[in-house]
Structure formats: C-alpha cells, structure tokens
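Since the structure comes first, as structure tokens, the remarks are kept for the end.
The values are calculated or read from the model by the stated rules, or taken from the named source; none is laboratory data. This structure is a prediction, so every number in the text was calculated from the model and none was measured. Positions of Cβ are backbone-derived with ideal geometry, glycine not excepted, and every protein chain shown enters the neighbour counts. All accessible areas refer to the heavy atoms of the entire protein, side chains included, with ligands and DNA or RNA removed. Shrake-Rupley method; radii C 1.70, N 1.55, O 1.52, S 1.80 Å.
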Amino acid sequence: MTKLDRWLLPDGIEEVLPNEAACIETARRRILDLFECWGYDLVITPHVEYIDALLTGTAQDLDLQTFKTVDPLSGRLLGFRSDITPQVTRLDAHWLKEETPARLCYAGSILLTKPRAHTTSRSPIQLGAELYGDKSTASDIEIISLMLETLALAKVENIHMDLGHVAIFRGLAQASNLSNELENLLFDALQRKAIDEVCQLTADLPKTEAAMFCALTTLCGGEEVIANAKQVLANAPASVLKAIDKLAEIAKQITLRYPHITLYFDLGELRGYQYHTGIVFAAFVPNVGQSIAQGGRYDSAGIAFGRSRPATGFSTDLKTLVNLGQADFTNSKQAIWAPYENQPALCQKMAELRKQGQRVIQALPNQTLTEATEMGCDQYLVFIENSWQVKPIVAGK
C-alpha cells in the first residue's frame, strides 16, 4: 500500500466536508424540530452493543448487515448498529414501560456491511420516528403523514408512494398451512413478480387458494387495485379482507391530506416480511432506483424485550434528503472578523456578539483584514470613539 492509499476510505464510506456537513446538520435540526412539533421525543441509542442484544428477536434479519468485533473488556461479541429502530423498540419495551402511546424519534449514523443499493452509502445517517402503543390505522396515518411532511420540509419533489400490507400474504399462507420452505419460496417469487413460478409452486393447493396466490402478482397499480382485490380475494380469510379494508382506509385519508401524492398499490409487496406485521410503505422519486423513505407496522417487535406493544414507524437517510431535496439548508450567516488583540474590551465585545448568535472569527497572529473575506467574513470589528464597533467590509478597501 502506498502512502497515498493509506488515506483512501473503504467503498461506501465517505467523509463530509464543512459546507455539506453544515447543510446536513441544519437539516437534522429542522427535521427534529418538526418531529418535536408533532409530539415526538428524541432518544439517542449507542453505536455499538453486545451482538445478542442488538440482533434480538425480529432484528435477526440484520445479522448479515452488521459489522462485528470483540469487546476487549468483556471478551463478548459486539455489533455496530445497522438499524436504529430495534434499539428504540427496546427502549420503549424495556426501559420506558409506558402504558399510554409513546412517540419517539432519533437521528444517528449507522454502519452497513453492504450498501442497500449499488450507489448508496454504507454509512448513512438514519433518521426516523416510531409510534408505540396504538394499533389503530390512525397511528399508521400519522406516521405516513409525518414522513411526507419530512420530505416536504426537504422539498423533495415528484414523490410517489407504494402501499402494501404483509398480512394479506401471511393470512393466505396460514390458511393454506404452507410449510416454511414453500412459504419462503413463494415469498421470493412474489418479490420478483414471477407469476409462472408462483402458479407452479401453488399447483398442489386447492384451486381457489392457488388462484389467490397467483393474483397477488397482478394486484398492483392505482386505486382500482383495492376494488379488484376485494373481488379476486373474496374467498380469503377474514384477516386478509380486514387488511385490505385497512389499506383502503389509510390510502383514503392520505389522499385527503396529500392529494398531490401519487399512490401505487402492490398487494404482493412483502418488504420486511420477517419484521413487519401490517401495512408497509415507501416513498420514491423519479430516476432513483430505491426508496428514499420507508416504514410500516411491526406489532410483535417488542416481544423479545419482554413487552410487545403495537408499533409503527418510518425511517430515511438524512444525507439522501439533503442531496435530493430542493430546500436550502446552507448556512447563510456571514461572520464578523476581529483583529488579533488581547484587549479586555475586545474580548467582551466578541463574547456579547457570540451570545447573540453571531459568528465571530478572531484573527491569529500575523493575519490581517485582507484575509477576512476568505474566512467568510463580511463585517469586521474596529475600535472607534472608545468602543469596538461592527462595520461592513467594503470590497477593494
């Protein structure tokens, strides 16, 4: 390895330089302020945990995405978090133990062994919100609304949203008494919309049941999908019909609140099937191959922590929002240049300005006012009439 190579970062791991870092931090603050306005309390979870706690219960599917190391103090295996949601679920179930619904939010870096898509980061800044303790569709509607408000704050344009419900496939699978192997094969085929393969896998099932599984590959599109689903799945178990009704109710309310958002229904969408228990949703924009925000209901996630509560939430990558959105998160605040002097009056004046939220940069030895604009200063402190005063820097003078 050459000396230059030592400074190269692993693929998918990136540094963030000052201007972009300032934009990301401004966006983080504004979005967390938005969450607070909706009643969501911020929590901060650790970057690293014992692996048996980090991957407990429904978080097991994150195993392949988790970097692991050994704790030199205990000798136990540690993992770097690859998803914050399971950690927040543990906080609600194990530590908060509230009886009333809890609204929690978070923002922090995660680390992935592999990028979720070819061009995405392995070190995204995951930001999200979770609502625990309520199983009604009102909670799902609130979470989806908050996700859309977050995208609106970032001024992400041309959003369309995919909606699905994993209980539809799960209800059909349970009613048909599928083996684990066949259920997994069908799951994989449905994700690929391989209708011939789905029909082949269900050939030994009763004709009515097989037809419903095959129908899941075609039940995708606009609002007409709901009406079609009620017809072709009319003989499905009650749990499936209830899931379709819930999906229709959520879609109706979201359309009323956000009529400009295009909804796309996919009843064969099983994103997070091993984790989610109800509605699943994801936001997409043109020319981006993966979702920019996603979430769903996961009512059984807290069981592993000794207390299962209904739960629904969403997450997104803060860096993606800043890069895709049209919102101006740049720090437009200019700085005030101060000369290199140790006068008590100057120190007092700089302290007063900083308390007011002003950005004050004091020169280092041998720096002069001619360098002030290079440091982002448009004003300077000058001693006039026995006091330090702020004056504009005039170009050419």
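Taking amide H as placed 1.01 Å from N in the peptide plane, the amide H of His165 sits under 5 Å from that of Glu269, Val280, each at least 5 places away or on another chain. For region 287-292, putting each phi into the Karplus relation 6.51 cos²θ - 1.76 cosθ + 1.60 with θ = phi - 60° gives couplings of 6, 10, x, 10, 5, 9 Hz, in residue order, rounded to whole numbers and with x for Gly and Pro.
Magnitude of the charge dipole for region 149-286, about its Cα centre and with charges confined to Cβ atoms of Lys, Arg (+1) and Asp, Glu (-1), is about 360 debye. When +1 charges are put on Lys and Arg Cβ atoms and -1 charges on Asp and Glu Cβ atoms, the dipole computed for region 228-295 relative to its Cα centre reaches about 140 debye. Calculated over region 179-235, the projected area of the Cα convex hull averaged across directions stands at 4.0 nm².
Positive-end ranking of His165, Ala327, Gln356 along the dipole of the chain, with charges on Cβ about the Cα centre, is headed by Gln356.
Residues His118, His94, His47, sorted by accessible area with the largest first, give His118, His47, His94 [1.4 Å probe; ligands and nucleic acids excluded]. For the pair region 145-177 and region 302-374, the centres of their Cα atoms are 35 angstrom apart. The charge dipole of the chain, taken about its Cα centre with unit charges on the Cβ of Lys, Arg, Asp and Glu (plus for the first two, minus for the last two), comes to roughly 640 debye. Taking Lys and Arg as +1 and Asp and Glu as -1, the other residues whose beta-carbon sits under 11 Å from that of Asn177 total -2. Binning the C-alpha pair distances of region 288-327 at 5 Å intervals from 0 yields a P(r) profile of 6, 19, 19, 15, 12, 11, 10, 6, 1 %, listed from the shortest bin outward. The value given for region 25-164 is a Kirkwood hydrodynamic radius of 16.6 Å, derived from the mean inverse Cα-Cα separation. Residues whose amide H comes within less than 5 Å of that of Leu263, counting only those at least five positions distant or on another chain, are Met161 (H built at 1.01 Å from N in the peptide plane).
Multiplying the residue separation of Ile13 and Leu364 by 0.36 nm and removing their Cα-Cα distance gives an extension gain of 122.9 nm.
Accessible area per residue (1.4 Å probe, heavy atoms of protein chains only) ranks Ile125, Ile292, Ile195 as Ile195, Ile125, Ile292, with the largest value leading.
Using a 1.4 Å probe over the heavy atoms of the protein chains, calculate the carbon and sulfur portion of the accessible area of the chain as a whole percent. Here carbon and sulfur together make up 53 percent of the probe-accessible area.
For Trp38, the accessible area of its heavy atoms, probed at 1.4 Å with every protein chain present, is near 80 square angstrom. Computing FRET efficiency as 1/(1 + (r/R0)^6) for Lys207 and Arg30, where r is the C-beta to C-beta distance and R0 is 51 Å, gives about 0.40. Each residue was assigned an accessible area with a 1.4 Å probe, and for Ser109 the value is about 50 Å².
Taking 13 Å as the straight-line reach from the Cα of Lys68, the aspartates and glutamates in range (excluding those fewer than 8 positions away in the same chain) are Glu49, Asp52.
If you sort Lys155, Lys207 by accessible surface, 1.4 Å probe, largest first, the order is Lys207, Lys155.
Counted by Cβ distance under 14 Å from Gln356, the other residues give a net charge of +4, where Lys and Arg count +1 and Asp and Glu count -1.
With helices as the sole contributors, the chain gives -10000 deg cm²/dmol at 222 nm; each DSSP H run of n ≥ 4 counts as -39500 (n - 2.57), and the sum is divided by every residue. Over the C-alpha atoms of region 236-350, the Rg to Rh ratio, Rh being the Kirkwood estimate, stands at 1.27.
Screening the chain for whole DSSP H helices with an alpha carbon extent of at least 27 angstrom along the helix axis and a mean Kyte-Doolittle hydropathy of at least 0.0 yields 238-257. Using the 1.4 Å probe convention, the accessible area of the chain works out to 53 Å² per residue with neighbouring protein chains retained. Cross-link partners for Lys252 among the lysines, with Cα-Cα distance under 27 Å and sequence neighbours closer than 8 places in the same chain left out: Lys135, Lys155, Lys193, Lys230, Lys242. In units of the rule-of-thumb radius 2.2 N^0.38 Å, region 197-264 shows an alpha carbon radius of gyration of 1.28. Computed over region 309-355, the Cα gyration tensor eigenvalues convert (square root of 5λ each) into semi-axes of 43, 17, 8 Å, ordered from largest to smallest.
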